[in-house]
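A short worksheet on the structure shown next.
The values are calculated or read from the model by the stated rules, or taken from the named source; none is laboratory data. Computed from a predicted model, the values in this text were never measured in an experiment. FYI the Cβ positions are ideal-geometry reconstructions off the backbone, even for glycines, and counts take in every protein chain you see. Ligands, DNA and RNA are stripped out before the accessible areas are found, and what is left, the full protein with its side chains, is counted by its heavy atoms. Shrake-Rupley method; radii C 1.70, N 1.55, O 1.52, S 1.80 Å.
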Amino acid sequence: MRPDARGYFGEFGGRFVPEVLVAALSELEREVEVAFNDPAFWKEYESVLAEFVGRPSPVYEAMRYAAPVSRAKFVLKREDLNHTGAHKINNTVGQALLARRMGKKRLIAETGAGQHGVATATVGAKFGIPVDIYMGAVDVERQALNVYIMQLLGATVHPVTGGTKTLKDATSEAFREWAARVDDTFYVIGSVVGAHPYPYMVREFQKVIGIEARGQCLARFGRLPSDVVACVGGGSNAAGIFAGFVDDAGVKLWGVESAGEGAQTQRTAASLNAGTVGILHGSRSYVLQTAEGQVRETHSISAGLDYPGVGPEHAFLKESGRASYVSVTDAEALEAFGEFAKCEGIIPALESAHALAFARRLAADRGEGDLVLVNLSGRGDKDIAQVRRLTS
Amino acid sequence: MSLSAIFKPGQLAFIPYVMAGDPDIATTRAILAALAANGAAAIELGIPYGDPLADGPTIAAAGARALANGVKLNDVLSLVKDVHAKAPPIILFTYYNPVYQFGLAEFARAAADAGAAGVIVPDVTLEEAEPLRLALGAHGIEMPLLVAPSTPPERAARIAEQSGGFVYVVSRLGVTGAGEAPNLEPLRKQIAALRAVTKKPLAAGFGISTRAQVDAVRPIVDGVIVGSGLIDAYSGARREEAAGCVAKYVTSLL
């Protein structure tokens, strides 16, 4: 669906930002409208995705992981095979093309684990646009390899020392930096969050996942999935794959949040399951916060899901009942990570391992004629050192 | 009383900003007294928030200190209730989420009960302002809105029309902070354009922290808002000396 004129999906979304950014958001909104109606824009986007990213990504039937508990087909959408190893690049390609159209001289981005930072640095290098990345000082320390990769790609990484020194603070800092240089700078947000038009725009750039997957399921299996499962931090890979199936009423949509140490504990990142409606980073959605409206510290084993907010469209899909949102703990995700690698010869990202853990549980309730489609949003190379530390 | 009454012809209204509860409520109380004694026409009182998108490092750190000290919105309202009779008009400066969680109508009632004269919410845009403006208006509290250097003239005119008491003119791009000075030429144009469409007083803020910067905007605006410079003036000092530092800083400024 499209948000309304003020950027709302139902009662979620909108634009809650300092006035200094409103003109830039309006300019972006106008450019999105024009570009999205320009076949030449999509033609270039598709050609970059085909030749640089390696799309379409395949769908692949995983034969062993869920087989002990289920006779349903267990099918993966292989976003882990994209250039840079995750779905993130679908979005940064689209935003870089927009930035170039708008004549912007610089890209800025926030990053948590570094995946979106790497995807932004990659398109910056490809299109010859300078890139500044804002990253919490704690994450800079934890994700030294990704910092180095961004630097190799020519980006400048700025450690953010405010607040909890993680993704939430990196995002706030990127907003501040945008406010200071709003004339020549394009802010590449990495998920379906932020002020209108970001949640809508990012979803449109990730929608390719769902459109491809729907066609591939029909061609390969002669049917639509019974269930589509994707992990949700900010929610961009889920928004992308859901968009392909949201109009197919018979297809159930499942978003899997990170429960951390338990969705009802303080150490969680499950915004839709444990949060309340509030305003964060420019839009109204579910937020993990105190009764006084202070944003809570979050925890997840997976840096990509470790965020106190969630995209407003997911809040809407939850309220409307079109999608269901569940959560998976650190321990369950870690178990799925190892089990999936052994059964399938694919090391999933810890984010995607959350989707896999729930999908197997779900598949146990499904039968012979069902097809569970999981968005394998990224590969797990980045997580190997952490998993090794946690399990040895 | 409308906030517009704090602006006197031929006189620059001095509107200092102070973070409530930085580092504790007692210190803020002493600072408010020092500001009242040193020519503040009104006082912006910040409600601590952990994710202040419009603020630079100085005010963000002040808010973090207050939060670390356990200061909550109700503590700030109690402080206002205690001091407002002896202080110039108090304008609460808060991000939207704490207000949203409190409930708009409940917040308006509580702010009025405490004796606040105005409320500024930097992340509520013109398009989102109406519910809170109406809730506050029902209790006689005004909500000044902000115009930025990037605001197009037609939009600035609509903001000025909806703005309560005065118009807060952001004097440069970016966030609050004593670092970069206002960009005077665009500011002059912005002010001239606003004068053509509104009779409301205009107060400039962001990047104004020295006497030279105050003097530079003095001829073109009706009021000046100073926050980060003031916080810098006391944040290194011992708590019992903070009010003295503020008095000295204000004297150097005006």
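Quick notes on this one:
- Count of the range A:18-49 residues, restricted to those that are more than 25 Å from B:ALA54 (Cα to Cα) and either within 12 Å of chain B (Cβ to nearest Cβ) or in a loop (DSSP other than H, G, I, E, B) (or both), is 2.
- Of all residues in the range A:1-17, those satisfying the criterion of being open to solvent by 10 Å² or more (accessible area, probe 1.4 Å) and either part of a loop (DSSP other than H, G, I, E, B) or closer than 19 Å to B:GLU154 by Cβ (or both) are A:MET1, A:ARG2, A:PRO3, A:ASP4, A:ALA5, A:ARG6, A:GLY10, A:GLU11, A:ARG15.
- Residues (farther than 12 Å from A:HIS196 by Cβ and either of a type in the set (Ser, Thr, Tyr) or buried (at least 23 other Cβ atoms within 10 Å of the Cβ) (or both)) located in the range A:18-29: A:PRO18, A:GLU19, A:VAL20
- Among the numbered conditions (1) within 14 Å of another protein chain (Cβ to nearest Cβ); (2) more than 16 Å from the chain's Cα centre (by Cα); (3) of a type outside the set (Ser, Thr, Tyr); (4) assigned to a loop (DSSP other than H, G, I, E, B), the only one that A:ILE279 does not meet is (4).
- Qualifying position, being buried (at least 19 other Cβ atoms within 10 Å of the Cβ) and modelled with pLDDT of 95 or more, among B:ALA204, B:ALA178, B:ALA212: B:ALA204
- Test: residue in the range A:156-172 that is crowded, with 24+ Cβ neighbours inside 10 Å and either aromatic (Phe, Trp, Tyr) or away from chain B (no Cβ under 14 Å) (or both): no
- Test: B:VAL18 is closer than 25 Å to A:THR290 by Cβ and touching a Leu at 6+ places or on another chain (Cβ under 8 Å): yes
- The single condition among (1) within 15 Å of the chain's Cα centre (by Cα); (2) assigned to a helix (DSSP H, G or I) that B:ALA40 does not satisfy is (2).
- Of all the numbered requirements in (1) aromatic (Phe, Trp, Tyr); (2) more than 23 Å from the chain's Cα centre (by Cα); (3) surrounded by fewer than 23 Cβ atoms within 10 Å (Cβ to Cβ), A:PHE36 misses one, and that requirement is (2).
- Among all positions in the range A:310-323, there is no residue which is within 23 Å of A:ASP80 (Cβ to Cβ), open to solvent by 10 Å² or more (accessible area, probe 1.4 Å) and not in a helix (DSSP H, G or I).
- Residue ranges of strands (runs of 3 or more DSSP E) in the range A:105-223 with at least 3 members under 16 Å from the mean Cα position of the chain (by Cα): A:106-111
- Hits in the range B:77-100 - residues which are assigned to a helix (DSSP H, G or I), within 11 Å of chain A (Cβ to nearest Cβ) and touching a helix residue (DSSP H, G or I) at 6+ places or on another chain (Cβ under 9 Å): B:TYR96, B:PRO98, B:VAL99, B:TYR100
- On inspection, B:LEU254 qualifies as in contact (Cβ under 8 Å) with a residue 60 or more places away in the chain and open to solvent by 40 Å² or more (accessible area, probe 1.4 Å).
- Applying the criterion of being under 14 Å from A:ILE279 (Cβ atoms) and either open to solvent by 40 Å² or more (accessible area, probe 1.4 Å) or in contact with a His (Cβ under 7 Å, 6 or more places away or on another chain) (or both) to the residues of the range B:101-113, the residue that is farthest from the other protein chains (Cβ to nearest Cβ) is B:PHE102.
- Residue under evaluation A:VAL229, criteria (1) under 22 Å from A:ASP80 (Cα atoms); (2) more than 19 Å from the chain's Cα centre (by Cα); (3) aliphatic (A, V, I, L, M), criterion not met: (2)
- Residue that is nearest to the chain's Cα centre (by Cα) [pool: residues in the range B:121-148 that are acidic (Asp, Glu) and either within 13 Å of another protein chain (Cβ to nearest Cβ) or at positive phi (or both)]: B:ASP123
- Checklist (1) part of a helix (DSSP H, G or I); (2) surrounded by 22 or more Cβ atoms within 10 Å (Cβ to Cβ) applied to A:PHE52, failing item: (2)
- Complete set of residues in the range A:1-17 that are without any contact (Cβ under 8 Å) to a residue 40 or more places away in the chain and either under 17 Å from B:GLU130 (Cα atoms) or within 11 Å of another protein chain (Cβ to nearest Cβ) (or both): A:ALA5
- Criterion applied to A:GLY215, A:GLY260, A:GLY282 was being more than 22 Å from A:SER324 (Cα to Cα) and in contact (Cβ under 8 Å) with a residue 12 or more places away in the chain, and the one residue passing it is A:GLY282.
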